[in-house]
Number of protein chains: 2
Amino acid sequence: MAVAVAERKVKLAELSLRAILCVLSALAAALVATDAQTKTFFSSYQKKATFRDMKAMVFLVFATAAAAAYSLLQAARCCVTAARPPTARSRALAWCVFSCDQALAYVVLAALAAALQASVIAKRGQPELQWMEICGMYGAFCRQAGGGIASAVGAALAAALLAFVSAFNVFRLYGGDKSGGAARNGGGATW
Amino acid sequence: MAVAVAERKVKLAELSLRAILCVLSALAAALVATDAQTKTFFSSYQKKATFRDMKAMVFLVFATAAAAAYSLLQAARCCVTAARPPTARSRALAWCVFSCDQALAYVVLAALAAALQASVIAKRGQPELQWMEICGMYGAFCRQAGGGIASAVGAALAAALLAFVSAFNVFRLYGGDKSGGAARNGGGATW
């Protein structure tokens, strides 16, 4: 029975992480994608900063939007399969879920790192290369982008933890092969 | 005996990946850390570009140097423990190795993404933000940085695969709990 309780805890952790990932990714995508600020100079000349000016921010919007959609679908799958008994297809499904989760974690992290690098340049500039800071001029734009990046940090953490839970779910099916192949024929699977 | 052969294949894959990671990381760190170019303007005014001008490149040097040192130590551990019989400490060690490998994969990937973002700005510029491209002026500097980044891409791939092998090594120790706890008491461990 202790195994069943542990099973339920793992399932609950997975579902919670998918929900957190979905909410934070959607928030990050929304904050960055709606980020724009127009400045007027000399009462006639206008200049607009949008997230499209930085390729890294565009990448972040796509990555977090994909993460939100994917984790919504996966959360639905979690709810549907929670009550089902384990089947012979458990191992293939676990592999598929783990591969997607790990790839998602890497993509979200890469997008976050690139966006962070771009925002550090935007905030502080890189005077040696004549790249000037722009946050003094576009304060509101930078603050909203900062909020989006903070949400993306939370999403990346949730994605990394989720990849970890999925790895646990797939590789434990390979253990105990020496004790009679219980896991091999699906006995260790509890999807 | 099939299990023993598979064991040996996993060990060999792990050792090869650690060796590849060590070589590529060291190469990336060396290429980026020695990257500098001096330009002379109007036959007297000199301007020097070094990797220190970009914080992302400094981060990449530290991350890849750490990856090279870590994978050298881990490769040595692989060689030392290869011939030893499994012990009760196998599970703790596998956890420790997996955590470090996964963290390393994330750090190397994050450093690579940030460096790639910085190098895309250096190569193409971001005219909307008045960040000018610098590779027209510092061609040799950019080519060497490109070589370093290419090595870092290989290192990041090796680190991701290694995290995957380590995940397999740790989580299979948790399988087959329903078949008598063979894995729980170390029976499933084959370190």
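The values are calculated or read from the model by the stated rules, or taken from the named source; none is laboratory data. Nothing here was measured: the structure is a model prediction, and the numbers come from that model. Using ideal geometry, Cβ is built from the backbone for each residue, glycine included, and neighbour counts are taken over all protein chains shown. Calculation scope for accessible area: heavy atoms of the full protein, side chains included, ligands and nucleic acids excluded. Shrake-Rupley method; radii C 1.70, N 1.55, O 1.52, S 1.80 Å.
A few points about this structure:
- Inter-chain shielding of A:107-113 (mean C-beta neighbours from other protein chains, 10 Å cut-off): 5
- To put it simply, the accessible area of the protein assembly as shown at a 1.4 Å probe is 70 percent carbon and sulfur.
- Mean separation of Cα contacts under 8 Å (6+ apart) over length of segment A:2-179, as relative contact order %: 34 percent
- Angle in degrees between helix A:2-33 and the longest Cα principal axis of chain A, rounded to the nearest 10: 20 degrees
- Vicinal HN-Hα couplings computed from phi for segment B:93-105 (Karplus, 6.51 cos²θ - 1.76 cosθ + 1.60; Hz; Gly/Pro x): 5, 4, 4, 4, 5, 4, 4, 5, 5, 5, 4, 4, 4
- By the rule of a second cysteine Cβ within less than 4.7 angstrom, chain B holds isolated cysteines at B:Cys22, B:Cys78, B:Cys79, B:Cys96, B:Cys100.
- Each copy carries B:Gly147; placing its label point 7 Å along the C-beta direction from Cα gives inter-copy distances of 4.7 nm, listed from smallest up.
- Relative to the Cα centre, the charge distribution of segment B:2-179, modelled as +1 at Lys and Arg Cβ and -1 at Asp and Glu Cβ, gives a dipole magnitude of about 340 debye.
- Inter-chain shielding of B:132-143 (mean C-beta neighbours from other protein chains, 10 Å cut-off): 1
- When the helices of chain A are scored as -39500 (n - 2.57) per DSSP H run of n ≥ 4 and the total is divided over every residue, the value at 222 nm lands at -24000 deg cm²/dmol.
- Judged by the mean number of other Cβ atoms found within 10 Å, the most tightly packed of the peptides A:22-29, B:4-11 leads the ranking A:22-29, B:4-11.
- Placing a label point 7 Å from the Cα of B:Lys48 along the Cα-to-Cβ line, the residues of segment B:137-155 whose backbone N sits under 19 Å from it are B:137-145.
- Remark: for residue pairs A:Lys39/B:Lys47; A:Lys47/B:Lys47; B:Lys39/B:Lys123; A:Lys48/B:Lys48, the C-alpha separation exceeds 29 Å in A:Lys39/B:Lys47; A:Lys47/B:Lys47; A:Lys48/B:Lys48.
- Over all orientations, the protein assembly as shown has a Cα convex hull whose mean projected area works out to 21.8 square nanometres.
- Label spacing, shortest first and in nm, from A:Val120 to its equivalents in the remaining copies (7 angstrom along Cα→Cβ): 1.7
- Segment B:25-96 versus segment A:26-68: alpha-carbon centroid distance in Å: 34 Å
- C-alpha long axis of helix A:55-81 to longest principal axis of chain A, angle in °: 30 degrees
- Inter-chain shielding of B:147-157 (mean C-beta neighbours from other protein chains, 10 Å cut-off): 0
- Efficiency of FRET from Cβ geometry, A:Ala66 and B:Cys100, R₀ 22 Å, rounded to 0.05: 0.15
- Buried accessible area, chains B and A (both chains, 1.4 Å probe, Å² to nearest 100): 3800 Å²
- Using the 1.4 Å probe convention, the accessible area of the protein assembly as shown works out to 47 Å² per residue with neighbouring protein chains retained.
- Across the identical copies, the 7 Å label point of A:Thr40, projected outward along Cα→Cβ, sits 5.2 nm from its counterparts, in ascending order.
- With Rh defined as the Kirkwood radius, the inverse of the mean 1/r over Cα pairs, the Rg/Rh of segment B:1-121 is 1.18.
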